[in-house]
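See below for the structure under consideration.
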Amino acid sequence: MVEKRIYRPKEFEMLIEKLIEQKIFETKQAVMMFAAATGWYIKRREPRGQAGEVIRWDIFETNNDDCFVLALALAETQSLEILGRDRHEIEEDPTKVFEKYAKAGLRHIKETCFDAPGDLFDNFLSLINRANNDNDEDLTPNLDNLTPEDLDLLLG
């Protein structure tokens with residue numbers, strides 16, 4: 001069995017390191033989690049591109065962040081098939097969805113926090129503040145698009 005991993009985008013390795021050096025995040029895994037959530041929030045994802053270093057899947061499991069990776073993939077595809085046992089055989093498995101959103105999120109963080117004038121930490125807080133104050137869309141999940149088969153799978 002191949003060990004599951006999350007690949008960090010090579011072009012953003014220095015950005016990830018800088019976020020940790022500046023004590024904005026404690027771990028690379030935490031940076032990737034925030035970046036993927038940011039990518040989802042701004043409704044952007046990017047092709048993986050050249051893979052950089054990896055983060056082992058068990059790091060996400062230990063921190064209970066594997067659920068977020070799976071939920072992100074489910075929200076993106078609107079299909080429970082992505083959570084099935086054979087999900088690694090399909091083109092768009094949960095880790096790939098996560099990596100694409102993380103890459104877009106990292107680019108957004110770079111543009112709004114690093115490339116923008118001002119203090120990095122202040123810019124980062126502004127990014128979070130803008131997201132907290134943006135209540136234009138109802139993000140309440142619903143089960144409207146689930147098929148009877150999906151509901152049967154959920155109910156066990």
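Among the trypsin sites (Lys or Arg not before Pro) in the range 58-132, which ones are in a DSSP loop with at most 10 other Cβ atoms within 10 Å of the Cβ? Mind listing them? Walk me through the numbers on the way to the answer.
Details: sites: ARG85, ARG87, LYS96, LYS100, LYS103, ARG107, LYS110, ARG130; in loops: ARG85.
Loop-located and lightly packed - ARG85.
Within the set LYS23/LYS100; LYS4/LYS43; LYS18/LYS103; LYS18/LYS43, which residue pairs have Cα atoms separated by over 22 Å? From LYS23/LYS100; LYS4/LYS43; LYS18/LYS103; LYS18/LYS43, over 22 Å: LYS23/LYS100; LYS4/LYS43; LYS18/LYS43.
Taking a ≥ b ≥ c as the square roots of the eigenvalues of the Cα gyration tensor of the range 1-43, is the shape rounded (a/c under 1.5), prolate (a/b larger than b/c) or oblate? Oblate shape, in that a/c is at least 1.5 and b/c is the bigger or equal ratio.
Exposure check, 1.4 Å probe, all protein chains in place: SER79 carries approximately 40 Å² of accessible surface. Between GLN22 and LEU80, the distance separating the two model label sites (each 7 Å from Cα on the Cα→Cβ line) works out to 4.3 nm. Residue ranges 33-42, 17-26 sort as 33-42, 17-26 when ordered by packing (mean number of other C-beta atoms within 10 Å per residue, highest first). Electrostatic tally near GLN22: other residues with Cβ closer than 12 Å to its Cβ, Lys and Arg +1, Asp and Glu -1, net -3. Label-to-label distance, ILE55 versus ARG130, with points set 7 angstrom from Cα along the beta-carbon direction: 2.3 nm.
Restriction of the GluC sites (Glu not before Pro) in the range 42-119 to DSSP coil positions whose beta-carbon has at most 16 other beta-carbons within 10 angstrom yields GLU91, GLU92.
Each residue was assigned an accessible area with a 1.4 Å probe, and for ASP115 the value is about 90 Å².
Surface composition of the range 1-130: carbon plus sulfur atoms hold 51% of the accessible area, using a 1.4 angstrom probe and ignoring ligands, DNA and RNA.
The values are calculated or read from the model by the stated rules, or taken from the named source; none is laboratory data. As the structure is a computational prediction, the values presented were derived from the model and not from experiment. Quick reminder, even Gly has a Cβ in these numbers, built from the backbone with ideal geometry, and neighbours come from all protein chains shown. Note: areas computed on protein heavy atoms with side chains; ligands, DNA, RNA excluded. Shrake-Rupley method; radii C 1.70, N 1.55, O 1.52, S 1.80 Å.
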